[in-house]
Amino acid sequence: MKSFKPKTPSRRQMTVVEYKKVLTRSEPEKSLVFGIRRAVGRNNQGRITTRHKGGGVKRLYRDVDFSMEKKNIPAKVASVEYDPNRTAFIGLVVYKDGEKRYIILPSGITVNEEILISENAAVKKGNRLPLKNIPVGTQVYNIEVYPLGGAKLVRSAGTFAEVLAQDSPTTMIKLPSGEVRKLPENSWASVGQASNEDSNLVVIGKAGRSRLLGIRPTVRGSAMNPVDHPFGGGEGRTQRGRRRPLNKWGKGVRGVKTRGKKKWSQGSIIQRRSK
């Protein structure tokens with residue numbers, strides 16, 4: 001992590017990842033990027049559905065390959081790059097047939113290392129193979145929920161899941177949240193831990209940096225009027241006057257379970273996450 005000389009109060013606390021030590025290329029591959037309009041918390045009618053989002057620096061979208069269906073063709077890592085749309089680093093890989101694609105890189109992989117997507121691939125960092133062929137205790141990321149569905153789980157910086165047991169036709173894995181669940185043994189996963197594990201140590205340090213990231217200010221409910229929030233109003237600083245914390249619409253927050261009881265994957269969960 002990189003810290004700064006405390007020339008201002010915000011600089012004293014601010015930290016950033018030392019990108020110069022990790023990244024090998026500053027400009028993305030032109031054929032794999034395109035412009036995109038971010039939703040910034042709006043739905044298809046333009047109405048705000050998620051508050052505190054908006055603004056931020058313009059971003060080009062990197063076309064990251066999550067399906068990774070090019071099997072049995074070795075690929076070489078050509079560069080390690082920054083992606084403004086995700087926390088993990090991405091890498092440009094060049095397959096033996098000349099095709100270039102972006103993938104989420106595992107921690108510790110370097111330029112010119114080879115990766116392979118194959119059922120018979122070695123259990124080596126960066127290789128991708130079905131869960132049934134991965135030994136118990138191995139760290140994996142970029143996991144499919146169902147076969148050929150593309151990687152959906154464990155894609156954030158520094159995260160990894162652990163293969164706990166093989167119980168055909170399913171494989172039991174432990175997710176970063178602590179949840180233990182069953183997945184089809186024919187789902188594919190990449191071996192290793194997602195890169196940029198120092199991401200959770202970043203201290204934003206000042207409000208302006210949040211705005212550049214597209215994060216808008218959050219106003220406390222107790223600072224609002226009674227018409228705007230259940231905690232609003234009162235003379236001076238008043239207690240919330242309620243037993244449990246509520247959101248702006250009177251719904252419970254902090255510890256309230258929101259997962260649907262009839263969700264299709266409900267039966268796959270062996271052990272709930274702790275929080």
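What follows draws every value from the coordinates through simple rules; no lab data is involved. Predicted model only: the values in this text are computed from it and were never measured. A quick note on method: Cβ atoms are made from the backbone with ideal geometry, for glycine too, and the neighbour counts reach across all protein chains shown.
Counting charges near residue 114 (Lys, Arg +1; Asp, Glu -1) among other residues having Cβ under 13 Å from its Cβ returns a value of +4. Computed about its Cα centre, the charge dipole of segment 103-148 is approximately 100 debye, with only Lys, Arg, Asp and Glu carrying charge at their Cβ. If one computes P(r) from the Cα atoms of the chain, what percent of pairs lie at distances over 36 Å? Beyond 36 Å sits 29 percent of the P(r) for the chain.
A Stokes-Einstein calculation at 10 °C with viscosity 1.306 mPa s, built on the Kirkwood radius of segment 125-238 over Cα pairs, returns a diffusion coefficient of 93 µm²/s. Give the separation of the Cα centroids, segment 167-183 to segment 1-66, in Å. Using only Cα atoms, the two centres lie 31 Å from each other. Cβ crowding within 10 Å ranks 259, 237 as 237, 259, fewest other Cβ atoms first. Counted by neighbouring Cβ atoms within 10 Å, the residues 171, 110, 258 run from fewest to most as 258, 110, 171. Among the chymotrypsin sites (Phe, Trp or Tyr not before Pro) within segment 165-265, those in coil by DSSP and having at most 13 neighbouring Cβ atoms inside 10 Å are 249, 264.
For the chain, a simple Cβ point-charge model (Lys and Arg +1, Asp and Glu -1, everything else neutral) yields a dipole of about 1960 debye relative to the Cα centre.
Antiparallel beta bridges, as assigned by DSSP with both residues in the chain, represent about 95 percent of the total such bridges. Fewest neighbouring Cβ atoms within 10 Å first, the residues 69, 119 line up as 69, 119. Computed on segment 219-269, with alpha-carbon pairs under 8 angstrom and 6+ residues apart, the relative contact order is 24 percent. Among the aspartates and glutamates, select those whose C-alpha is under 14 Å from the C-alpha of residue 71, and discard any that sit fewer than 8 residues away in the same chain. List returned: 97, 99, 114, 119. Calculate the all-directions average of the projected area of segment 219-269's alpha-carbon convex hull, and give it in nm². For segment 219-269, averaging the hull's shadow over all directions gives 4.9 nm². Could you sort out which of 100/132; 152/174; 70/124; 53/206 sit more than 20 Å apart by Cα distance in this structure? Cα-Cα > 20 Å for 100/132; rest within.
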